[in-house]
Amino acid sequence: MTDELASRVSGLMPQAKADLAELVAIPSVADPRQYPPEHCRDAAEWVAAAFAAAGLRDVHLEETPDGSHAVIGHRPPPPGAPTVLLYCHYDVQPPLDESAWTSKPFELTERDGRWYGRGAADCKGNIVMHLTALRALGDDVPVGLKLVVEGSEEQGTGGLEQYVPPHAGELHADALLVCDTGNAAVGVPTATTSLRGVTNVVVTAKALRGDLHSGMFGGAAPDALAALIRMLDSLRDADGGTRIDGLDCTGTWSGAGYDEERFRSDAGVLDGVRLTGSGTVADRLWARPAVTVLGIDCPPVVGSAAAVPATARARVSLRVPPGTGARAAQDALIAHLEAAAPWGVVVDVEREGSGSPFRADTGGPAYAALDRAMREVYGRPMSFLGQGGSIPLCNVLATTYPDAEIILMGVEEPRCLIHAPNESVDPGEIEHMAHVEALFLRHFADAARA
């Protein structure tokens, strides 16, 4: 039976490639300041039509509170069978600097055995994975299905998070497949069980009423940019690890590790440059807070004057591991920055949005069914992985459906370079994870009947 299903999935891969090419060609960036919103509508309608053709019923678009459209559909369960929610998103990150792309970002291009294009992995590759699994099963889908395909995940405007609670019955399921992550590496079957939360602030240092001539006043006049640099530098210790007063920065990771040399390669770390922090790479990525200076407003090098800066500001992001509240972490970050300000400079901190961390419960029948499916496809047991990114929807789902098992999986692995130029997907991962998904639905139904 497994061999027959594997053959069906393999035979569907040309259609999977054609589907992904059509989807990637739609520049569905959910930011009207950059791309016309009609592109997102086109992507939503493509997704709705594809899942309707794959056997789901009443597939339609629902406007969410942020103005984006989610694709919603369902398939009723056979008698006594559980229901599984399939999640992914059709919106994508902007391509950033198109000159950094080897091929056109919105044109699926095959190169060195991988398929390149914006969204090829995150998350249109996961849409194609769902479709391939359902097509392989055909009319023999052994569980009930709910579908939700989000339209603004990359922008973080919270449309679906706000939509779910008042529509809890519409999306209720026994297991939720949140397919916006992936394997630890190609060929290494993995479920993501931990997500770091995120909180951002904008900090401004003010020292003078206006910029001053550095020849006349420099040396005694406080330099706002220098003050800001000291404040930002205080967020890290000597080895570059995050150290924020009031936060535990010593956590350890007990799941699958991340080989340091492979991390250096995946991250593109230059020869001779040391990694920051201490402990294992997995500790640093998934079990500890991590601070990043996202941007600084100060005089640019080209066009800068011989002047002491009166004001400077920075946007600071803090990733937060499970066990630490995002708001508490933001409070600690603000208090640390204010305490670190030198020379009595005036500090103003603006709070931005926060997303809480997430940790999955892996002891239920859905995880057992997934492990069985992954062993059959990959020939090795499932690993557990953390992820540095945050998916705020997971906490909304966990609160709304406390008895449901939430599984994070998908086709995205480190070589995909999601959010970066030259994003790509390994077609073998689409094929194998579609096979895993189809087997999982069968095994989960079997467990419910046992």
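The values are calculated or read from the model by the stated rules, or taken from the named source; none is laboratory data. Bear in mind the structure is a predicted one, so any value in this text is a computation, not a measurement. Every residue, glycine as well, gets a Cβ built from its backbone with ideal geometry; the counts of neighbours run over all protein chains shown. Ligands, DNA and RNA are excluded from the accessible area calculation, which covers all protein heavy atoms including side chains. Shrake-Rupley method; radii C 1.70, N 1.55, O 1.52, S 1.80 Å.
Within the stretch 319-333, how many residues turn out to be part of a helix (DSSP H, G or I) and open to solvent by 20 Å² or more (accessible area, probe 1.4 Å)?
Taking the stretch 319-333 and keeping what is part of a helix (DSSP H, G or I), we get 326-333.
After this cut, where a residue has to be open to solvent by 20 Å² or more (accessible area, probe 1.4 Å) as well, the list is 327-328, 331.
Here the count works out to 3.
Selection of the stretch 342-361 for residues being buried (at least 18 other Cβ atoms within 10 Å of the Cβ) and either within 30 Å of Phe384 (Cα to Cα) or within 23 Å of the chain's Cα centre (by Cα) (or both) yields Ser354, Gly355, Ser356, Pro357, Phe358, Ala360. The set of residues in the stretch 38-66 that are free of Cβ contacts under 8 Å to residues at least 12 places away in the same chain and open to solvent by less than 80 Å² (accessible area, probe 1.4 Å) contains only Ala49.
Specify the residue that is nearest to the chain's Cα centre (by Cα); the eligible residues are those in the stretch 67-104 that are aliphatic (A, V, I, L, M) and surrounded by fewer than 16 Cβ atoms within 10 Å (Cβ to Cβ). If you could, list the steps in order and put the result at the bottom.
Looking only at the stretch 67-104, we keep the residues that are aliphatic (A, V, I, L, M), and these are 70-72, 81, 84-86, 92, 96, 100.
Still in the running and surrounded by fewer than 16 Cβ atoms within 10 Å (Cβ to Cβ): 96, 100.
Values: Leu96: 17, Ala100: 22 Å.
The residue in question is Leu96.
The one condition from (1) open to solvent by 50 Å² or more (accessible area, probe 1.4 Å); (2) out of contact with any Asp or Glu (no Cβ under 9 Å at 6 or more places or on another chain); (3) touching a residue at least 12 places away in the same chain (Cβ under 8 Å) that Ala339 does not meet is (2).
Would you say Val273 is in contact (Cβ under 8 Å) with a residue 24 or more places away in the chain and either part of a loop (DSSP other than H, G, I, E, B) or among the β-branched types (Val, Ile, Thr) (or both)?
On the way: in contact (Cβ under 8 Å) with a residue 24 or more places away in the chain: no; either part of a loop (DSSP other than H, G, I, E, B) or among the β-branched types (Val, Ile, Thr) (or both): yes.
For Val273, the condition - in contact (Cβ under 8 Å) with a residue 24 or more places away in the chain and either part of a loop (DSSP other than H, G, I, E, B) or among the β-branched types (Val, Ile, Thr) (or both) - is not met.
Is it fair to say Thr252 is polar (S, T, N, Q), assigned to a loop (DSSP other than H, G, I, E, B) and on the phi < 0 side of the Ramachandran plot? Criteria met by Thr252.
Considering the conditions (1) out of contact with any helix residue (DSSP H, G or I) (no Cβ under 8 Å at 6 or more places or on another chain); (2) farther than 30 Å from Arg327 by Cα, Asp237 is excluded by exactly one of them, (2). For the stretch 193-223, which residues satisfy the criterion of being aliphatic (A, V, I, L, M), within 30 Å of Pro392 (Cα to Cα) and touching a Pro at 6+ places or on another chain (Cβ under 8 Å)? Leu195, the sole residue that qualifies. Only one of the numbered conditions (1) loosely packed, with under 12 Cβ neighbours inside 10 Å; (2) over 21 Å from Gly323 (Cβ atoms) is not met by Phe263, and that is (1).
Looking at the stretch 126-237, the helices (runs of 4 or more DSSP H) lying wholly inside it that each contain 1 or more residues that are open to solvent by less than 20 Å² (accessible area, probe 1.4 Å) sit at 159-163, 168-171, 224-233.
Just to be sure I understand the filter: pairs with C-beta atoms under 9 Å, separated by 6 or more residues or on different chains, first member in the stretch 347-361 and touching a residue at least 40 places away in the same chain (Cβ under 8 Å), second member assigned to a loop (DSSP other than H, G, I, E, B) and open to solvent by 70 Å² or more (accessible area, probe 1.4 Å). Which pairs pass? Correct list of pairs: Pro357/Gly323; Arg359/Gly323.
Scanning the stretch 18-36 for residues that are open to solvent by 60 Å² or more (accessible area, probe 1.4 Å) and at pLDDT below 95 returns Pro32, Arg33, Gln34.
Per-residue answers, yes or no, for (1) open to solvent by less than 20 Å² (accessible area, probe 1.4 Å); (2) more than 20 Å from the chain's Cα centre (by Cα); (3) without any contact (Cβ under 8 Å) to a residue 24 or more places away in the chain:
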| residue | (1), (2), (3) |
| --- | --- |
| Tyr367 | yes, yes, no |
| Val411 | yes, no, no |
| Arg415 | no, no, no |
| Val425 | yes, no, no |
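Determine, yes or no, whether Gly240 is modelled with pLDDT of 95 or more, out of contact with any Gly (no Cβ under 9 Å at 6 or more places or on another chain), assigned to a loop (DSSP other than H, G, I, E, B) and open to solvent by less than 50 Å² (accessible area, probe 1.4 Å). Criteria not met by Gly240. Here Asp403 fulfils each of the conditions (1) more than 25 Å from Gly268 (Cβ to Cβ); (2) open to solvent by less than 10 Å² (accessible area, probe 1.4 Å) apart from (2). A Cβ distance below 8 Å, combined with a sequence gap of six or more or placement on separate chains, defines the contacts here; from the stretch 232-260, residues that are within 30 Å of Pro189 (Cα to Cα) reach residues that are modelled with pLDDT under 95 and surrounded by fewer than 13 Cβ atoms within 10 Å (Cβ to Cβ) in the pairs Gly251/Gly323.
Between Arg375, Arg315, Arg274, the distinction of being open to solvent by 30 Å² or more (accessible area, probe 1.4 Å) and under 24 Å from the mean Cα position of the chain (by Cα) belongs to Arg315 only.
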